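First up is the structure itself, then whatever we jot down about it.
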Amino acid sequence: MAHLFTLSELSVTEITQLLEDAEQFGKGYFWRPPKPMFVANLFFEPSTRTKCSFEMAERKLGLHVIPFDADMSSVQKGETLYDTVRTLESIGVNAVVIRHWEDAYFESLRHAIRIPVINAGDGCGHHPTQSLLDLLTIRQEFGTFERLTVAIIGDIRHSRVARSNAEVLTRLGATVLFSSPEEWKDEANPYGTYVDIDTAVAEADVVMLLRIQHERHEEKMGLTKEQYHARYGLTLERAEKMKENSIILHPAPVNRGVEIASELVESERSRIFKQMENGVYVRMAVLKRAIEGGMTNGSYFKKWKVV
Amino acid sequence: MAHLFTLSELSVTEITQLLEDAEQFGKGYFWRPPKPMFVANLFFEPSTRTKCSFEMAERKLGLHVIPFDADMSSVQKGETLYDTVRTLESIGVNAVVIRHWEDAYFESLRHAIRIPVINAGDGCGHHPTQSLLDLLTIRQEFGTFERLTVAIIGDIRHSRVARSNAEVLTRLGATVLFSSPEEWKDEANPYGTYVDIDTAVAEADVVMLLRIQHERHEEKMGLTKEQYHARYGLTLERAEKMKENSIILHPAPVNRGVEIASELVESERSRIFKQMENGVYVRMAVLKRAIEGGMTNGSYFKKWKVV
Amino acid sequence: MAHLFTLSELSVTEITQLLEDAEQFGKGYFWRPPKPMFVANLFFEPSTRTKCSFEMAERKLGLHVIPFDADMSSVQKGETLYDTVRTLESIGVNAVVIRHWEDAYFESLRHAIRIPVINAGDGCGHHPTQSLLDLLTIRQEFGTFERLTVAIIGDIRHSRVARSNAEVLTRLGATVLFSSPEEWKDEANPYGTYVDIDTAVAEADVVMLLRIQHERHEEKMGLTKEQYHARYGLTLERAEKMKENSIILHPAPVNRGVEIASELVESERSRIFKQMENGVYVRMAVLKRAIEGGMTNGSYFKKWKVV
C-alpha cells in the first residue's frame with residue numbers, strides 16, 4: 001500500500017527518491033503503468049493549481065481520470081467519505097486523490113481502503129505534494145538543504161504548508177525561521193524560530209510566503225490590506241535586503257499587494273510559477289509510487305470477498 | 001434505435017442477453033465500438049455511484065466522454081431537455097445517459113431523438129441499470145430467479161428501484177415481498193405482497209433494502225433514526241434470522257444505522273459493494289447494446305436534413 | 001502566437017482559410033498536432049453548446065483536456081484571470097479557451113500570456129467562433145457572401161453575435177439589416193441599417209435571430225412573451241414572406257415561441273442545428289490555427305526564466 005498522507009510519515013530516503021523521480025519527469029522521463037489504470041480526484045474545497053496539476057500529472061502518465069464533482073455527489077445525501085471511497089474502489093478506481101476540509105480526514109481510510117489514497121490537503125493539516133514541490137524547487141536552486149535558511153512568513157497557525165514544510169525541512173538539515181503577526185503564531189509547531197519580518201527576509205536563502213486568507217482574517221487583524229502589506233508583507237523595500245541568490249516561494253494563489261508586492265511575483269528572484277511547473281512532476285512521482293507500491297485491487301475481476 | 005428507458009419495455013430474452021454480456025465483461029471480455037464514439041452523461045440530480053459507474057463503463061469501452069455540467073449548462077437559461085439533447089446530437093454525440101428529477105422525462109425524447117438515450121433514473125419512476133445490476137448480483141449467487149423470494153424493504157412508494165425491480169423479478173419467476181411503514185406503501189405497484197419486516201427477513205433469499213431519504217421523511221414519520229431502525233430496519237438481531245445462503249442488497253448510498261445496521265454493510269451476507277462492481281459491467285452491456293442497436297447519426301458528416 | 005479574440009483582428013484571407021479548414025474537417029479531414037497537447041476550457045458563464053462543441057473539437061483533434069471548474073477554482077479565492085491562466089501555462093497547458101462575463105477580458109492576457117487564448121465569448125463583446133460557424137453555414141448555402149442580405153433581428157445592443165457578425169459580414173461583401181425594438185438599438189454599431197421586422201424578413205437571404213434574454217428584459221419592455229413574439233418575433237405568418245431559398249439562423253439556446261415560432265426551429269428553412277454541427281468544425285480549425293501558430297511553451301521542460 002502506498003498511501004501518501006503526510007511527509008512526516010516518509011523517511012528521508014523515500015523523500016529523496018520522490019524528488020529524484022520528479023526531477024527525471026521534469027527532464028522528460030517516460031513512465032507508464034503496466035496496464036490501464038483509473039484514478040479519481042475528490043476535491044471538497046476549491047482549488048485550481050493542485051487539482052489541475054494532478055489532472056495534468058495523471059494524463060502525462062496515461063491514467064484514465066474518472067470525474068468526481070463533490071457538489072453533485074452522494075456526499076450531498078450524507079454519505080460518509082469512507083463509503084464514497086469504498087464505492088469508487090468497488091467500481092474499479094485504482095487510486096484516489098483527496099482534498100478535504102477536515103483535518104486528518106484520512107484516518108478513517110488508512111487501514112480500511114485497499115487502494116492508495118493521496119492527500120491533496122486536509123483542513124489545516126498537511127499538504128505533502130505542496131511540500132514536495134517546494135523541496136524540489138529549493139533543491140534545483142541550491143542542490144542541497146543542508147545549511148540553508150528558510151523563512152516561512154505569514155499565517156503560520158492556519159497553514160498546512162507551514163506545518164508540512166517546517167518539519168521536513170528541519171529533518172533535511174535546513175534552519176527554519178517563522179515570521180508572523182502575534183495572532184497567527186503556532187505554539188504547536190516546534191520546527192522554527194520566530195523572528196521579525198525584516199530579520200527573516202535578510203537572513204533567508206528561501207523566503208517562503210504564505211497566502212493570507214484575508215477574506216477570513218482581515219477584520220480580525222484590524223488592518224487594511226495596505227497596512228498588512230507594509231507591516232508583514234514582502235514589500236519592494238524589503239526585497240532589496242534579500243541575500244544574493246536567495247529566492248521567493250509562494251504556494252499561490254497570491255494576493256498581490258498583500259503578502260507580496262505585485263511586481264515581485266514575476267521578478268528575478270521569484271520561483272512562484274516554477275513551483276507550479278514542479279508540482280506536476282512531483283505529483284507524477286507520487287502517483288508512480290502509489291501505483292508501484294500498492295494497486296491492490298488486482299482482485300477486481302475475482303469473486304468478491306468480505307473484508 | 002436502442003434507447004433504454006425502463007426494463008418493462010424489454011423482453012426476458014433481451015434482459016437475459018444483457019446479463020450474459022455483463023457477466024462476460026466481468027470476466028474481462030474485451031469489446032470496442034467499430035469507430036471512435038462520443039457520449040455525454042447528463043445528471044440533473046446528485047449521484048456518485050451511477051455517474052462514476054457510467055463514466056468507468058464508458059472508458060472501459062474506449063468511448064470519448066464529453067463533460068456536461070447541468071449547473072453550468074443552458075438549462076440554466078431555460079433550454080428544454082429536448083433542445084439540449086438535440087444540441088448534443090448535432091455536435092456529434094453518439095449516445096446520452098440521463099438522470100432527471102422528472103418522472104418519465106424521456107417521453108419527450110422517445111420518438112424525436114435519433115441517438116440512443118439511456119435512462120439513469122427518472123424522478124420516482126425507473127432506474128433500469130440499477131435493476132440490471134441487482135439482477136446480475138442475484139443471478140451470480142443463485143444461478144436463477146425461479147422460486148427465489150426477494151424482499152424489498154423500506155420506502156416502496158418513492159423508490160424507482162422498487163418499481164423497476166418488482167415487475168421484472170416477478171416476470172423472471174421470483175416471488176416479491178414488500179415491507180414498509182404504512183405511509184410508504186405503494187397501492188399502484190401490484191408486483192409484491194406486503195408482510196411485516198420480521199416475516200420478510202425470515203423468508204427472503206434476497207433482502208433488498210431501500211435507502212431512507214430521512215432528510216425528507218424523518219419528521220413526517222415522527223420517528224428518530226434509532227426508532228426507525230428498531231422498527232423497520234435490518235438490525236443485527238433480525239439479520240440473525242436470515243435464511244442460510246441468503247444475501248443483503250442495497251442500492252446505496254447507505255444510511256448506516258437507519259435502514260441497516262452499520263456492521264452489516266460489509267458483513268458476509270452483504271453484496272452491497274459487489275453490486276457496485278456489477279454496475280460497471282451491466283452499464284458496459286447497456287452501452288454496447290445502444291451502440292450496436294442504433295448509432296443512427298452515421299449521417300453526421302452528410303448534408304443536414306430537416307427532420 | 002495565434003490568439004483569437006475577435007474576428008475584426010483577422011484579415012479576409014485568414015477568415016477564408018479558417019472556413020476552408022472547417023469545411024475540410026466537416027468532410028472528415030484528419031489532422032493531429034505533432035505531439036501530445038493539453039488544453040483547458042475556462043467557462044465563467046453557463047454554456048452547453050459552445051462548451052460541449054469545444055470539448056468535441058478538442059477530442060476530435062486528439063488533444064488532452066484538463067478539466068477546469070470555475071465554481072471550484074481559486075477564482076473563488078480572488079485570484080485574477082491573469083494569474084489563473086499563467087498558472088495553467090506553468091503546469092503545461094498548451095492553449096486555453098475562455099468565456100468570461102467581462103467585456104474584453106482578454107486585454108489583460110494579450111501581451112502577457114505565451115500560450116494561445118481563444119475567446120469563447122466576452123461579456124457583451126465578441127464571440128468569434130459563433131461568427132465563424134454562422135459564416136460557414138451561410139457559405140455552404142450560397143457559396144459566397146457577395147450581394148447577400150443578412151438580417152440580424154432582436155436585441156442588437158447586448159448581443160456579441162450581432163457585434164461580431166455585422167462587421168465581418170460587411171467586410172465580406174454582404175449587406176446587413178438590423179431589426180430591433182427601439183430600446184435595443186445599438187448606436188455604436190455602424191455596420192447595419194435599421195428596418196422594421198417585416199421588411200427585414202422579406203428582404204433577407206439569411207434571417208439571423210438573436211436570443212432574447214427575456215429573464216432580464218421582459219419587464220423592462222413591458223411585453224409578455226406572446227406580445228413580443230407577435231411584434232418582433234419570426235412568426236409563422238412572417239416566415240411565409242421569406243424569400244425563396246432564404247434560411248433561418250439562431251445562435252441558440254432558442255426561446256421557442258418568443259423570438260421564433262417553435263415550429264420553425266426544425267423547419268425546412270432552419271439551419272439552427274446545422275449551425276451547431278458546423279460549430280465543431282470551425283472550432284477544430286481555430287484550434288489547429290492556435291497550435292500551428294503559437295504553441296510557444298516548447299520551453300516547458302527548460303529552465304524557468306523571468307518574463
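Which one of the conditions (1) within 22 Å of residue C:280 (Cβ to Cβ); (2) surrounded by fewer than 24 Cβ atoms within 10 Å (Cβ to Cβ) does residue C:105 fail to meet, given that it meets all the rest?
With respect to (1) within 22 Å of residue C:280 (Cβ to Cβ); (2) surrounded by fewer than 24 Cβ atoms within 10 Å (Cβ to Cβ), residue C:105 is out only on (1).
Residues that are in a loop (DSSP other than H, G, I, E, B), within 27 Å of residue B:75 (Cβ to Cβ), modelled with pLDDT under 95 and of a type in the set (Ser, Thr, Tyr): does the range B:1-18 have at least one?
No, the range B:1-18 contains no residue that is in a loop (DSSP other than H, G, I, E, B), within 27 Å of residue B:75 (Cβ to Cβ), modelled with pLDDT under 95 and of a type in the set (Ser, Thr, Tyr).
Are any residues in the range B:42-83 buried (at least 19 other Cβ atoms within 10 Å of the Cβ), more than 8 Å from every other protein chain (Cβ to nearest Cβ) and hydroxyl-bearing (Ser, Thr, Tyr), and if so, which ones?
Listed by number, the list holds a single entry, B:50.
Report the residue count in the range A:1-40 for those that are among the acidic types (Asp, Glu) and within 12 Å of another protein chain (Cβ to nearest Cβ). Write out each step before concluding.
If we filter the range A:1-40 for residues that are among the acidic types (Asp, Glu), which is where we start, we get A:9, A:14, A:20-21, A:23.
Okay, now just the ones that are also within 12 Å of another protein chain (Cβ to nearest Cβ), so A:23.
Residues in the range A:1-40 being among the acidic types (Asp, Glu) and within 12 Å of another protein chain (Cβ to nearest Cβ): 1 in total.
Quick check: anything in the range A:265-272 modelled with pLDDT of 95 or more, facing chain C (nearest Cβ under 7 Å), crowded, with 24+ Cβ neighbours inside 10 Å and within 17 Å of the chain's Cα centre (by Cα)?
no
Looking only at the range C:74-91, decide whether some residue is of a type in the set (Asp, Glu) and closer than 27 Å to residue C:281 by Cα.
The first filter runs over the range C:74-91 and keeps only residues of a type in the set (Asp, Glu), leaving C:79, C:83, C:89.
So of that shortlist, the ones also closer than 27 Å to residue C:281 by Cα come out as C:89.
Checked against the condition, which is being of a type in the set (Asp, Glu) and closer than 27 Å to residue C:281 by Cα, the range C:74-91 yields at least one hit.
If I filter the range B:19-34 down to residues being among the small types (Gly, Ala, Ser) and surrounded by 14 or more Cβ atoms within 10 Å (Cβ to Cβ), which single residue comes out as nearest to residue A:35 (Cα to Cα)? Walk me through how you get there before you give the answer.
Step one: filter the range B:19-34 for residues among the small types (Gly, Ala, Ser), giving B:22, B:26, B:28.
Then drop every residue that is not surrounded by 14 or more Cβ atoms within 10 Å (Cβ to Cβ), which leaves B:22, B:26.
Working: B:22: 21, B:26: 17 Å.
So the residue we want is B:26.
Within the range C:51-98, can you find the residues that are closer than 22 Å to residue C:289 by Cβ, of a type in the set (Asp, Glu) and either free of Cβ contacts under 8 Å to residues at least 24 places away in the same chain or touching a Leu at 6+ places or on another chain (Cβ under 8 Å) (or both)?
The answer is C:55, C:58.
Of the conditions (1) more than 20 Å from the chain's Cα centre (by Cα); (2) buried (at least 16 other Cβ atoms within 10 Å of the Cβ); (3) at pLDDT below 95, residue B:252 satisfies every one except a single condition; which number is it?
Answer for residue B:252: the failing condition is (1).
Scanning for something closer than 30 Å to residue B:170 by Cα and within 14 Å of chain C (Cβ to nearest Cβ), does the range B:110-118 turn up at least one residue?
First, the residues of the range B:110-118 that are closer than 30 Å to residue B:170 by Cα: B:110-111, B:116-118.
Those still in the list that are within 14 Å of chain C (Cβ to nearest Cβ) too: B:111.
The answer is yes, given that some residue of the range B:110-118 is closer than 30 Å to residue B:170 by Cα and within 14 Å of chain C (Cβ to nearest Cβ).
Which of the numbered conditions does residue B:188 fail, given that it passes all the others? Conditions: (1) hydrophobic (A, V, I, L, M, F, W, C); (2) within 23 Å of residue B:135 (Cα to Cα); (3) in contact with an Asp or Glu (Cβ under 9 Å, 6 or more places away or on another chain).
So residue B:188 meets the others, but not (3).
Which one of B:196, B:205 is closer than 26 Å to residue B:53 by Cβ, away from chain A (no Cβ under 14 Å) and charged (D, E, K, R)? It would help to see each step written out before you state the result.
Numbers: B:196 fails: closer than 26 Å to residue B:53 by Cβ.
When all the criteria are applied, what remains is B:205.
Yes or no: residue A:260 within 11 Å of another protein chain (Cβ to nearest Cβ) and buried (at least 24 other Cβ atoms within 10 Å of the Cβ)?
Details: within 11 Å of another protein chain (Cβ to nearest Cβ): no; buried (at least 24 other Cβ atoms within 10 Å of the Cβ): yes.
No.
Could you name every one of the strands (runs of 3 or more DSSP E) located completely within the range A:87-206 that has at least 2 residues being not assigned by the TED database to the domain that holds residue A:242?
Details: elements: A:95-100, A:117-122, A:149-153, A:175-179.
In the range A:87-206, the matching strands (runs of 3 or more DSSP E) lie at A:95-100, A:117-122.
Which condition breaks for residue C:287 when tested against (1) in contact with a strand residue (DSSP E or B) (Cβ under 8 Å, 6 or more places away or on another chain); (2) at pLDDT below 95; (3) assigned by the TED database to the domain that holds residue C:117?
With (1) in contact with a strand residue (DSSP E or B) (Cβ under 8 Å, 6 or more places away or on another chain); (2) at pLDDT below 95; (3) assigned by the TED database to the domain that holds residue C:117 applied to residue C:287, the lone miss is (2).
Could you check, for the range A:238-257, whether at least one of its residues is within 11 Å of chain C (Cβ to nearest Cβ), of a type in the set (Gly, Ala, Ser) and part of a helix (DSSP H, G or I)?
Among the residues of the range A:238-257, not one is within 11 Å of chain C (Cβ to nearest Cβ), of a type in the set (Gly, Ala, Ser) and part of a helix (DSSP H, G or I), which makes the answer no.
Please determine whether any residue of the range C:113-135 is at pLDDT below 95 and more than 21 Å from the chain's Cα centre (by Cα).
Yes - at least one qualifying residue is present in the range C:113-135.
Looking only at residues in the range B:114-145 that are acidic (Asp, Glu) and out of contact with any Leu (no Cβ under 8 Å at 6 or more places or on another chain), which one is surrounded by the fewest Cβ atoms within 10 Å (Cβ to Cβ)?
Keep residues of the range B:114-145 that are acidic (Asp, Glu), which gives B:122, B:134, B:141.
Okay, now just the ones that are also out of contact with any Leu (no Cβ under 8 Å at 6 or more places or on another chain), so B:122, B:141.
Details: B:122: 23, B:141: 16.
My answer is B:141.
Given the criteria within 14 Å of chain C (Cβ to nearest Cβ), crowded, with 19+ Cβ neighbours inside 10 Å and closer than 26 Å to residue A:79 by Cβ, does residue B:89 qualify?
Details: within 14 Å of chain C (Cβ to nearest Cβ): yes; crowded, with 19+ Cβ neighbours inside 10 Å: yes; closer than 26 Å to residue A:79 by Cβ: no.
Answer is no for this residue.
Scan A:141, A:102, A:107 and give me the residue that is modelled with pLDDT under 95 and away from chain B (no Cβ under 14 Å).
A:102
Within the range A:258-296, track down each residue that is among the hydrophobic types (A, V, I, L, M, F, W, C), more than 30 Å from residue A:31 (Cα to Cα) and not in a helix (DSSP H, G or I).
Result: A:258, A:260, A:261, A:265.
The values are calculated or read from the model by the stated rules, or taken from the named source; none is laboratory data. All figures in this text were calculated on a predicted structure; none of them were measured in a lab. Cβ coordinates were reconstructed from backbone atoms using ideal geometry, including for glycine residues, and neighbour counts include every protein chain displayed.
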